[in-house]
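The structure appears right after this line, and notes come after that.
The values are calculated or read from the model by the stated rules, or taken from the named source; none is laboratory data. Keep in mind it's a predicted model, so treat the numbers as computed, not measured. Neighbour counts are summed over all protein chains in view; Cβ atoms, including those assigned to glycine, are modelled from backbone coordinates with ideal geometry. SASA here: full protein model, heavy atoms, side chains in, ligands and nucleic acids out. Shrake-Rupley method; radii C 1.70, N 1.55, O 1.52, S 1.80 Å.
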Amino acid sequence: MLSVKHLHLKHALQTVCTLEAVILRSFGPEGGQVLFTRDTGQAMLSCSGTQILKALRLEHPLARMVVECVWKHSAVTGDGSKTFVLLLASILRLIHAAASKAPGVSQWSTEAAEAATARHLADKLLAFAMTELDDLICVSVAPHGFCVSSEDFTTKTQLPSCPNGFCVQALLSSFFHTRLDYVHCDFLSGLACELLGHWKFQNDTLSFALQFLNDNFPALHTQVSGFPVSSSHVIEGQVIHRDFATPCLQVNNQPVKAVVVTEYLQPKLLRRGDMLDLGCGGRVTGEKSIIPFSAWTERSLESVIATLQSLGVSVLLCAVKQSAAALALAAQAEMCLVECVSEEELSLFVRLSGVAPISDCWMIQPENVATLTFCKPIQLGAHRYVHVAFCDSEERVGVKPCSLVICGSGEVQTEQYASAFQDAIRMLFTTWEPTRMTETTALKKPVQSHQCTSLNAHNLTEDTVCRSSDVYVLKPGCVIPAGGTFEFLLHHALLQHGRSCSASNYTNTGVGVSQILADALLTVPRQIYSHNLKSFLQTQTRVTSFTSNQPHHFMLLKNARGTTEDPEKGDEPSKLFTLDSGLESVSCKHQLLLAVLQCLTSLLRVNAVVRTHTALHSASHTHAKMSEESADDETED
Amino acid sequence: MSRLVKKSPSVCTDLPLDNADICNKLRLMRELLGSCYGPTGRLKQIHNNIGGRVVTTSSSSVLLPAIASSEPFVNLIRTSILHHVRRFGDCGLFAAIFCLSLVEQAKQSGLRAKAVIRSNEHLASLCTDYLKQGGCGCKVKLDLCSGRDLVALARSVVSSKPACVLTEPECVHISRLAVRAFLLTVPCDTPGSVSLGQTVRVSVEGLPVTHSAVVPGLLVDTAEDVYLSQPCSLPHPLVLFSASLAGDLSELGDGLIEVHPRVDSDSQVLSQLLELGNQVVRDGVKVFVCQKVIHPVLQLYLTSHGVTVVERLGVTLMEPLIQLTGAQPVATLHSAVQPTAYGQVGGLSVRRFGSKTMLHLQACGESAICTIILCHRNETMLNELKVTCQKAEHVLRLALREPSALRGGGCTETHLAAYSKSEVPALGRGCSQTEYLRAAEAFCRSLESVARSLEHDGGTSTIDPTHAHRWTRPSDVATERRGVGAGCCGCGSLDGRETWTSAEFPPADLLRDASVQPGVLDSFTAKLNALQVAVETANLALDVRYVIRDVN
């Protein structure tokens, strides 16, 4: 017997508003952090919306759906999970208001009518966002920001006069403000800039470097607890999170030769399932003792060590635990041996040193030998690790490898800093993502966008936005001052868009849709300035006065070359918008809006929850999906 | 399948600092740790609910792991402080009390959390910058050439652990031993980067504290009837095995071995071992050490040939022994031991400490390995003494890197409080002047409350306005017991003859002549880190808005 529970618009609203209430505590400059413990008893500290929502372990299928959407969005962009919930709640509220005002049809119950109107509105919102939001952002928001080119990853020390020098830092700093304790954000963003500056591959694009950092981040950072955050630093080379297994530690500054071994140095005589038959009357080998076999493995080990010694190898990095004999012989041959190195760290080492790992110890070639500048023990907090630096990696890979040491007073804090770092890298990746023509962008009619965007700003689009075959595409690296500027600008643009559409005898619904979106957007700055309404109004007035009066006076930068040639021009935005409010990425915001609207439509398409009874109650999240699919053919009852 | 249950939703606590239960727990923790602070601190007995051993302690490194709470918020603070203690070995109680009273004061002040956090951060950086300055009034330069300063530093650590139950001469004795052991681990003439040696601690129960001693070299547990080869002038060759010599062959793999009844594998392996023993004896080895177990027949063979045998050395003593003797561990059974693998022992003797018989191995030349033998009357006190010595060693090592110390006895705290009061408020973003001033007041009160926690006998703590040092006026009972008047300030560098005049900052510094060194010193590095960690942890605690507990 199934129990069917019908879902109405107010249920969805209720659920999302509850989530919003949780999120609001840690949103904005007055927001705090959330401490949570996992089922394992491990404590975590976070300001990230995704982690907070996931930690709640919600049961309501609708809520789980929302959490799933938030999680998917932030896994890609690393940013905007709190704003996601905020926007979703405010759009839902507006839709609810619009739907309850809509003229009810008599034969339907009011709730069903509401649901239908809401669903209709949501679909139209999504359609609007898919077709026209792109252009609106490109035409009327992006020009007010500026492009930070990938060459600006130098830290603030290099070009203090150029504002772009600290643009990336400002971008990172305002990202960290949303995720961490306020006081350390500037320090950490400086650290992140330093790291990115080191990891800038000479021959490759920035997004390649960011992708590389994202993939290898676990191997590239070390968490140290018991020290203040300000002790965090960047160190040259790679830290291998194991200690030397042999006590022999020679401290010489000569180039060190190292090999990576993935198998046992001492061969195993018998694998699992093999059988050795001893003393069976001289049938096969006639061997009556185990001793020769044991002696053979030792001799084989000795010859491997001798080969390594002849190649001048003095460091062995092993993926597995080696036998005591292997350790002792290596120590006698004055080699340092590191056991049980994790797979990620070995693959990073292999990548940076450019040598192949050895799996068969009989086949050691000189190509397997890497040259290191040094290989020494390093004490980080409670643990002693192995610290290596690579020779001529700059010529080979085009990069100066370095690792990050993240300090904090406890594991909880270091964990939080590390995850914020990784999300920051994701956010940067989204910002500098190479522009690719999405299907929606390519398919939509350019004519329509011209008709509707009757803005005065066609001439200023060419700098942050490039026009390719009548379609506007956002350039990578476009940023805009934080603190609600994006929302104010888009709000303004949407209102103008709505007016122009109604003026040109467009259908009335388009107006409603852009009005809803415009109003919903204002919730975000309203929450940011919730403790200080005066500054909300001030900011809004400032932003809108710029757009209406002097549309040409924003910083217009073609690319980075323009910046370095023309520093006077570069100073402009810091006068217009106070740069100390930070920067945020336009493309992250854009993706966020799309994700919210997609989530909204899928949320409103559900009309019932069917609870099935099985022995196992843990599969309830599939219910939402089931009912979502069946919602289309089901009729209202 | 029937064991699978549905995940239940998490338990959520909104605004944990407004929660009465959590606040009570924090207050309790502050009172508990505050009453342990300092030389006259009260002791705590820890015992678990299943009848485990009772531990008497007042040391933060033992107390903090023991008072785990079910409340994650309390644990957050506890683990942060614990990490500091593990890294620096000192000032754990200072950090804990300071952090907890910062949280309490911030809550009492009723200010916005963000404003308090920003002011705290600002004040902490003011204080750390001031402490790092050369002309800081509470910093004392340490003279590493004279033992007196080092002993004073070690003594402050030892005397702040009342659970060791040491009399005054015993306290001095232990401090001297700690300094002596530390000096023995500093290598004499190694060019380039110096790596410190190691101190091995051996504890002996039942002997008076004054029997504790420091010996250069290693003491190794050995059998009662240890055989000693005839004393000869030459250094004894030593061989060190890291593989088991019990006759097992563990490196063959996971497969099966089928042995027919006519084959006697055991005796084959044993004869292999004896061959190895034979070679070692031929090479003139006098000491045979194995990390693991040695086959009894091999042991008998070796002792009958005049070799001293030590088995089951354990992995912790391997590295010091290698450093001491220069031997390289051997793990191959089928090939001859390389001549280069042998080490040298300079002296070999048997020592008895109470019930323990130990083999004393000494190095041939210079070596940075020493052993400290700690004796005490019972196990509880001995354990605390071990912890104390470990901390003293840690503090001394920290002093090697940064040869300064801070005035102890609460004088640094009061001085810092006076300093931060005198500084002109620098306004940060998002914090008004009034908010800053009130937060600064709370910060200073917290610092002073740490200094006040040193007094447990009902006396009153006062701060003089001239030097900003801490003074104690004992209650009548305490005066009789102690026999010393209120003649000295907390750190012991001022006596009551000074007149208190001005109340301005920087406070008058009458101690320009180096002869008046303060008697109580705190580790500079440890205290600086403790200050930063305490403020950071308190800020974090103030910033937490939600506690979500997964109860699955």
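Observations on the model:
- Take each peptide in B:96-102, B:182-188, A:602-608, A:44-50, count the other Cβ atoms within 10 Å of every residue, and average; sorted highest first, the result is B:96-102, A:44-50, A:602-608, B:182-188.
- At least 15 Å along the helix axis (C-alpha) and Kyte average at least -1.0, DSSP helices within chain B: B:20-34, B:72-88, B:92-109, B:113-132, B:147-159, B:168-184, B:265-282, B:379-401, B:411-422, B:433-452, B:524-543
- The spacing between the stretch B:120-195 and the stretch A:203-230, judged by their C-alpha centroids, is 37 Å.
- Inter-site label distance for residue A:299 and residue B:20 at 7 Å from Cα along Cβ, in nm: 8.3
- Of the residues in the stretch B:328-361, those shielded by at least 30 Å² of accessible area once partner protein chains are present, compared with the chain alone at a 1.4 Å probe, are B:328, B:329, B:331, B:332, B:334.
- With 27 Å as the limit, the listed pairs A:200/B:132; A:257/A:321; A:200/B:114; A:534/B:114; A:10/A:124; A:321/A:376 have A:200/B:132; A:200/B:114 beyond it between alpha carbons.
- Here the stretch A:238-400 is treated with +1 on each Lys and Arg Cβ and -1 on each Asp and Glu Cβ, and its dipole about the Cα centre works out to around 240 debye.
- Mean sequence separation of contacting Cα pairs (under 8 Å, at least six apart), scaled by the length of the stretch A:238-400, corresponds to a relative contact order of 37 percent.
- Histogram of C-alpha separations across the stretch A:323-402, 5 Å bin width, %: 3, 12, 18, 26, 22, 13, 5, 2
- Relative contact order [Cα under 8 Å, 6+ residues apart], chain B, whole percent: 26
- Virtual spin-label span in nm between residue B:132 and residue B:109, 7 Å along Cα→Cβ: 2.4
- Within the stretch A:238-400, DSSP assigns beta bridges of which about 65% are antiparallel (rounded to the nearest 5).
- A versus B: buried accessible surface, summed, Å² (probe 1.4 Å, to nearest 100): 6500
- A cut-off of 5 Å between modelled amide H atoms, ignoring neighbours fewer than 5 places along the same chain, links residue B:345 with B:236, B:238.
- Amide hydrogen neighbours beyond the local backbone of residue B:493, cut-off 5 Å, H modeled: B:519
- Each Lys or Arg adds one and each Asp or Glu takes one away; over the other residues whose Cβ falls under 12 Å from the Cβ of residue B:353, this sums to +1.
- Local net charge near residue B:470, Cβ-Cβ under 10 Å (Lys/Arg +1, Asp/Glu -1): -2
- Portion, in percent, of the accessible area of the stretch A:238-400 that falls on carbon or sulfur, probe 1.4 Å: 50
- In Å², nearest 10: area of residue B:421 left accessible to a 1.4 Å probe: 130
- Estimated [θ] at 222 nm from DSSP helical runs (n ≥ 4, -39500 (n - 2.57)) normalised by residues in chain B, nearest 500: -13500 deg cm²/dmol
- Given their separation in residues at 0.36 nm each and the Cα-Cα distance between them, residue B:47 and residue B:378 gain 117.5 nm when the chain is fully extended.
- Protein heavy-atom accessible surface, 1.4 Å probe, per residue over chain B: 44 Å².
- Shape analysis of the stretch B:83-171 places it in the oblate category; the axes a ≥ b ≥ c from the Cα gyration tensor give an a/c of at least 1.5, with a/b not above b/c.
- Dipole of the stretch A:238-400 computed with +1 at Lys/Arg Cβ and -1 at Asp/Glu Cβ about the Cα centre; of A:309, A:393, A:270, farthest Cα towards the positive end is A:270.
- Extending 7 Å from the Cα toward the beta-carbon at both residue A:359 and residue A:120 defines two label points whose distance is 6.3 nm.
- Summing charges over neighbours of residue A:429, with a neighbour being any other residue whose Cβ is under 12 Å away from its Cβ, gives -3 when K and R count +1 and D and E count -1.
- For A:19-32, mean number of other protein chain Cβ atoms within 10 Å: 3
- For the stretch A:1-128, the per residue solvent-accessible surface stands at 42 Å², with DNA, RNA and ligands left out and a 1.4 Å probe.
- Prolate/oblate/rounded call for the stretch A:374-439, Cα gyration tensor, a/c under 1.5 rounded: oblate
- Members of A:72/A:475; A:589/B:6; A:268/B:292 lying beyond 28 Å, as alpha-carbon distances in this model show: A:589/B:6
- For the stretch A:238-400, the solvent-accessible area of protein heavy atoms averages 45 Å² per residue (probe radius 1.4 Å; ligands and nucleic acids excluded).
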